[in-house]
1. Any idea what the dipole of segment 434-519 comes to, in debye rounded to 20, about its Cα centre with Lys/Arg Cβ at +1 and Asp/Glu Cβ at -1?
2. Using the charge dipole of the chain (Lys, Arg: +1 at Cβ; Asp, Glu: -1 at Cβ; taken about the Cα centre), state which of Ile504, Pro533, Leu567 has its Cα farthest towards the positive end.
3. Order by neighbour count: Thr381, Thr463, fewest other Cβ atoms within 10 Å first, most last.
4. Rounded to the nearest 5, what is the percent of antiparallel bridges among the DSSP beta bridges in the chain?
5. How far apart, in nanometres, would the label points at Ser34 and Thr572 be if each is projected 7 angstrom from Cα along the Cα-to-Cβ direction?
6. Would you mind ranking Ser20, Ser271, Ser82 by Cβ crowding within 10 Å, fewest neighbours first?
7. Please compute, over every Cα-Cα pair in segment 121-185, the percentage with a separation greater than 20 angstrom.
8. Counting other Cβ atoms within 10 Å of each Cβ, which GluC sites (Glu not before Pro) in segment 510-603 have at most 15 and sit in a DSSP loop?
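Where a number appears in this text, it was derived from the coordinates with a stated rule and is not lab data. For clarity, every value in this text was computed on a predicted model and none was experimentally measured. Because the Cβ atoms are built from the backbone with ideal geometry, glycine has one as well, and the counts that use them run over all protein chains shown.
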Amino acid sequence: MTQTSQSADSVRSAVRVRASELTGRGWLNTGGKSLDLNGLRGKIVLLDFWSFCCINCLHVLDELRPLEEEFSDVLVTVGVHSPKFEHEADPDALAAAVERYEIHHPVLDDPELSTWQAYTARAWPTLVVIDPEGYVVAHLSGEGHVAGLRSFLSELVAEHEAKGTLHRGDGPYVAPPAREGDLRFPGSAVQLPDGRFLIVDTGHHRLVVLGNDLSTVEQVIGSGTKGFADGSAEEARFNEPQSAVVLPAAIAEAAGYDVLVADTVNHRLRSVVLATGEVDTVAGNGVQRLLDAEQARTASGWARELGGDALNTSLSSPWSVVWSEKAGRVIVAMAGTHQIFGFDPVTATVTLEAGSGIEGLLDGSAAESMFAQTSGLVVDTEGDVWTADSETSALRVLHLADDGTVASVETAIGMGLYDFGYRDGEAAEARLQHPLGVAVLPDGSIALADTYNGAVRRYDPATQTVGTLARDLAEPSEVLVDTSVDGDPVLVVVETNRHQLVRIPLPHDVATVDEGASRSQRKATTVAPGTYPLTVRFSAPTGQKLDDRWGDPTQLKISSSPEELLLEGAGTAQGLTRDLVLNPEVTEGVLHITARAASCDGEKGQPIPDHAACHLYQQDWGIPIIQADGGEDRLDLDLRGLN
């Protein structure tokens, strides 16, 4: 019997494992106090292993909020921040991220990944549940676990209340002081035709129009209260909007609004009439889109049309929007599914433009291409769309055909999910670190807001070289070319962590910087050469069962870097077990593993009811390995495991 067909009870009957102590550099949101498991005894503890670069981790933060409120007197959530990028290990950057994302639970700063390793975490996000007696009782990877966690926590509460081991009361969270100022972690900006700037004031959940001086507030759109509501400028609510685009005049007249906003955490596109500040919803139903497993499995299942009813179409963290004259629609960076969407403001239709939905860096056709949390977008003079692909630290370009569809995807800078750094020079050797913004400069070159390097970089397509335009910025998230000033054009940079916009002259000489190339710091797993069995554990939550109406509802997709590392076992197939045969001549590499499982509401032993709610669980792992005698002889991962 495979793990996928075991009941939750049988999986939980495994040997009990005592939770490891929580170790790291320090704590946030505790009023300066350090926490330990002994002090948390009697509470259910939920460890959330996250990194602030990761869109899936940000999804989980929002998923957990209602659970934290519902179980506030028995549950203590501890965010264990285990960084992927070098910049994320900066304590000031982490403190800013905790404030920016309004995290209302204690956070352990784990820059050396000591607690990550102690709990054998292998992916962002990972959730670990510790019972009131200090034992690990669940290990979950990925997002979408809230329904299962709710039932599981209720079972734990009943069990430990009956045993007398549950202690109710307030948790250790201490709120930090509130920040004052006109802007709070602004995400991006767009220049209006009259020279003013429309700021996406992400941390205040609103839009702000600043005068050309970049400081005078002339209009506010949105109440500033996190949430979702259409209506007037005073009544409307956004939830961490990240980007906006001003529509061409003819399109705006036909659509009935001037501005389209990527309302990221609401998973919606919102319209704004600038003259009145009226806000409406034009796409998205507020339900986060989950990638259809069959669509992602093969290119032949990839479909461009997503239906004509935009308001009943699910989106997933739309991050950036830009108007494409060649395509005749707005191009949308759909960060949550690692894809590029389109939206026609006149017909209100949503389309899939590019991306298989599998997180990674792969060029080629629209259907086979892979993206990783695409953020910034800009259109060049040829009508092609340049993208900042943040999680692969890459600059990429979507070449559009004459009919406006994506003909191909090409990478200009970037190596993959775990490669980053700060290196100028030849583009093939250049490195970025989690860029978020892009702009086209007057000479046709591309400027990048190289966010985690605190820099603005320049890529010259003619020479395929990279240089530096500006440094020492605080997480720049957007860069614009401003021609409204006297003299030569200048750059306007959105400095997110300084809560401001700044003008920077375009330098005549581009600097060349080389601080080296890096890889994510996760410790490699030493494995024994030869055959390497892989098992992904998954047990459906209480009240759900595996959806086997059309065959095995589980799937593994496996590849490796370098490709020669795997002699056998690569590819996509049903099931959550696989024997991998490693090449003895390739001693180091990375295993790329994607696991999926589908379950639906229903009772074990009974058929799944018609119209039952169904759930797709998915996680990607990138596991560095080194082959050596005496290493581990198997790999066990948890998609949803209970102890």
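1. About 220 debye.
2. The one lying farthest along the dipole's positive direction is Pro533.
3. The fewest-first ordering by Cβ neighbours comes to Thr381, Thr463.
4. 90 percent
5. 4.8 nm
6. Starting with the residue having the fewest Cβ neighbours, the order is Ser20, Ser271, Ser82.
7. When all Cα pairs of segment 121-185 are counted, 51 percent exceed 20 Å.
8. Here the GluC sites (Glu not before Pro) that fit, given the DSSP loop and packing criteria, are Glu585, Glu603.
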